[in-house]
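Only one structure is covered here, and it is reproduced in the block below.
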Amino acid sequence: MRMLDFSSWQSIGATLVGLALVALIGVGIRLMATMPSDRLKINALAPPPMMR
């Protein structure tokens, strides 16, 4: 692994943008993975719909 070069503002900006992108992708994957199970839990706790 080569060392990161922070000698210019351009490289610092590119590094920060890359880190932010990786973080956003990780959060998106995490949310997509937890959403269906949360929806199932909410449906299990909700009372059954009233029959007409």
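The values are calculated or read from the model by the stated rules, or taken from the named source; none is laboratory data. What you are looking at is a predicted structure, and each value in this text was computed from that prediction instead of being measured. Here Cβ is always computed from backbone atoms with ideal geometry, including for glycine, and neighbour counts include all displayed protein chains. Note: areas computed on protein heavy atoms with side chains; ligands, DNA, RNA excluded. Shrake-Rupley method; radii C 1.70, N 1.55, O 1.52, S 1.80 Å.
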Pair Leu31, Thr15: separation of 7 Å Cα→Cβ label points (nm) | 2.8
Evaluate E = 1/(1 + (r/R0)^6) for Leu24 and Met50, where r is the Cβ-Cβ distance and R0 equals 30 Å; express this FRET efficiency to the nearest 0.05.
-> 0.10
In the full protein assembly as shown, how much of Ile25 is accessible to a 1.4 Å probe, in Å² to the nearest 10?
-> 100
